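This report refers to the structure that appears directly beneath it.
The values are calculated or read from the model by the stated rules, or taken from the named source; none is laboratory data. Computed from a prediction, not measured in an experiment: that's the story for all the values here. Cβ atoms come from the backbone with ideal geometry, glycine included; neighbour counts cover every protein chain shown.
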Amino acid sequence: MLFPTFEFAGFFLLVFIGFWYVFRRPRDRKIFLVAASYAFYAFWDWRFCFLLLASTAANFGFAFLIGRDREHARRKAFLVLAVIANLLFLGFFKYWNFFALSATGLFGAAGIPWALPVLRIVMPVGISFYTFKNLSYVFDVYLCKISAVTDFLDLLLYVSFFPQVASGPIVHAADFLPQVSGAVVAGIEPGSKPIALDRATLLILSGLYKKMVFANFLSTLFVDPVLSDPRSFGTLENLVAAIGYSVVMYTDFSGYSEMAIGVALLLGFKTPANFNRPYISFSVTEFWKRWHITFSAWLKEYLYFAMGGSRFGKVRTLVALFFTMVLGGLWHGAALTFVVWGVMQGAALALERGFDYGTRRSEVRWKAALQIAGTFAFTTLGWLVFRAPSMASVGDWFIGLANFTALPTKLTPIVGALLVFGLGMQAIPGKARARGYRLWVATPIPLKGVLVAAAFAVLSIVSMSGVAPFIYFQF
């Protein structure tokens with residue numbers, strides 16, 4: 001079930017009415033949200049619900065053991081067991097065949113007649129995201145950021161919460177779990193906060209337009225045809241298609257995140273922002289503070305710091321940065337392209353830290369513009385590797401890039417306009433966005449209703465008939 005569909009609209013309408021108007025006791029609301037989240041997840045494959053439940057139950061047990069024990073060695077042992085169990089769970093579904101083929105190849109090269117079986121494994125939707133959420137819960141209990149929950153329903157809700165279960169944002173347990181008690185009493189007990197309807201409305205509309213107009217049209221009309229067969233196109237179209245895919249990545253994923261944040265707000269849950277104009281970054285270091293912010297924060301808090309962070313000298317810091325991003329690349333999937341992409345990001349971060357480059361933007365405008373352009377070029381090249389089915393496909397793009405004589409066949413004025421406006425989103429200052437939001441809040445309610453209806457009417461006219469899955473659903 002995808003967000004920009006009438007199917008989801010009907011589902012969410014029932015959830016919204018049930019949560020706010022039918023169930024009026026806190027525990028009933030918890031049960032209802034958990035049931036709704038599992039129903040949402042079951043739309044892909046009901047069998048996956050048992051995996052989600054088993055993973056959550058196992059981590060509930062690990063955190064319980066960690067939380068009740070005060071002896072450091074035993075706490076650490078339970079933490080190690082939890083990490084191993086989660087990685088084995090994730091690794092089987094996501095990496096088994098990659099491991100089996102690689103091991104079989106090594107055995108064959110060594111003359112050992114032993115082959116590991118290649119299995120027909122269907123990867124559960126969102127397994128990487130909810131595994132990270134489970135690990136966040138166990139880590140936060142171990143680090144004493146929160147206490148282990150006593151009500152299993154709280155953890156079930158955190159892990160399966162339907163706006164976030166498929167593609168994030170990866171909300172940390174220490175941020176989500178303290179909100180549960182306040183959200184389930186909203187509108188029941190005196191003094192509870194009203195829902196942030198204005199902000200939720202704008203986020204959902206913004207996300208819909210990003211996905212349904214920019215990401216869908218750019219992908220279908222231009223980016224996918226060119227990058228699927230780059231040798232058949234010329235220099236200009238290959239270059240613009242690479243830039244176009246950067247726009248698609250941003251509008252697709254940030255669009256999903258904004259819709260997820262808006263839907264969660266309508267149920268009383270606040271979610272951290274996941275994007276902050278990443279393509280105006282002046283360094284790769286700054287880019288990772290603006291792109292997929294919840295993922296970056298997870299890597300930093302639970303992986304980079306675990307490797308020592310910046311506490312043990314510069315060399316150790318550079319090594320930690322590099323391998324954090326390599327593992328972050330591998331998190332996306334068992335493919336050489338993801339490893340290469342992670343190596344690119346890790347090497348860039350390490351080099352910037354080693355030369356103290358990524359700490360400040362130049363005060364000279366043209367130099368700052370060069371910094372931003374250089375970072376965007378590196379990011380775009382990284383997305384090409386990220387998207388490619390193999391490194392050979394990346395080589396095909398470079399071959400197509402050298403085809404100077406081919407005339408454009410896919411690059412139309414509509415594609416150009418979408419690219420310009422898609423990149424132009426990055427240039428809107430935060431102050432302008434804040435002023436626009438204040439103006440929206442001050443708008444009379446009847447006029448708001450007319451404007452929202454008009455926005456949906458325009459969207460229904462200009463959008464495509466089908467909805468492509470979100471890019472990050474495959475992870």
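Scan the stretch 422-439 and give yes if some residue there is in a helix (DSSP H, G or I), among the β-branched types (Val, Ile, Thr) and within 30 Å of the chain's Cα centre (by Cα), otherwise no. Before you say what the answer is, go through the steps one by one.
Pass one, the stretch 422-439, residues in a helix (DSSP H, G or I): 422-427, 430-439.
Still in the list and also among the β-branched types (Val, Ile, Thr): none.
Among the residues of the stretch 422-439, not one is in a helix (DSSP H, G or I), among the β-branched types (Val, Ile, Thr) and within 30 Å of the chain's Cα centre (by Cα), which makes the answer no.
Identify, please: which residue in the stretch 402-415 is in contact (Cβ under 8 Å) with a residue 24 or more places away in the chain and in a helix (DSSP H, G or I) and is, among those, nearest to the chain's Cα centre (by Cα)?
Taking the stretch 402-415 and keeping what is in contact (Cβ under 8 Å) with a residue 24 or more places away in the chain, we get 402-412, 414-415.
Next, from what is left, pick out any that are in a helix (DSSP H, G or I): 414-415.
Values: Ile414: 28, Val415: 25 Å.
The extreme case among them is Val415.
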(message) Please go through (1) loosely packed, with under 11 Cβ neighbours inside 10 Å; (2) farther than 14 Å from Pro4 by Cα for Val452 and return the number of the only condition it doesn't satisfy.
(response) (1)
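For every residue, the table says whether it meets (1) surrounded by 12 or more Cβ atoms within 10 Å (Cβ to Cβ); (2) modelled with pLDDT under 95; (3) of a type in the set (Val, Ile, Thr).
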site	(1), (2), (3)
Gly422	yes, yes, no
Lys431	no, yes, no
Arg435	no, yes, no
Ala442	no, yes, no
Pro446	no, yes, no
Ala457	no, yes, no
Ser460	no, yes, no
Ile471	yes, yes, yes
(request) Return yes or no: is Ile112 outside any helix (DSSP H, G or I) and either in contact with a Ser or Thr (Cβ under 8 Å, 6 or more places away or on another chain) or of a type in the set (Val, Ile, Thr) (or both)? (result) yes
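Ser167: under 17 Å from Pro272 (Cβ atoms) and either of a type outside the set (D, E, K, R) or modelled with pLDDT under 90 (or both), yes or no? Before the answer, list the steps.
On the way: under 17 Å from Pro272 (Cβ atoms): yes; either of a type outside the set (D, E, K, R) or modelled with pLDDT under 90 (or both): yes.
Answer is yes for this residue.
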(request) Pick out the one residue from Ile461, Ile399, Ile471 that is in contact (Cβ under 8 Å) with a residue 12 or more places away in the chain and outside the structural domain of Pro278 (by TED's automatic domain parsing). (result) Ile471
(request) Go through Ala36, Ala73, Ala54, Ala63 for me and flag whichever is loosely packed, with under 12 Cβ neighbours inside 10 Å, aliphatic (A, V, I, L, M) and modelled with pLDDT of 95 or more. (result) Ala54
(request) Go through the stretch 309-367 residue by residue and tally those that are at pLDDT 85 or above and polar (S, T, N, Q). (result) 4
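If only one of Ser206, Ser228 is within 29 Å of Met464 (Cβ to Cβ), assigned by TED's automatic domain parsing to the domain that holds His292, in contact (Cβ under 8 Å) with a residue 12 or more places away in the chain and surrounded by fewer than 23 Cβ atoms within 10 Å (Cβ to Cβ), which one is it? Break it down into steps so the answer makes sense when it comes.
On the way: Ser228 fails: in contact (Cβ under 8 Å) with a residue 12 or more places away in the chain.
Only one candidate qualifies: Ser206.
Quick one: count up the residues across the stretch 343-372 that are closer than 17 Å to Lys289 by Cα, part of a helix (DSSP H, G or I) and not charged (D, E, K, R).
Total meeting the criteria: 10.
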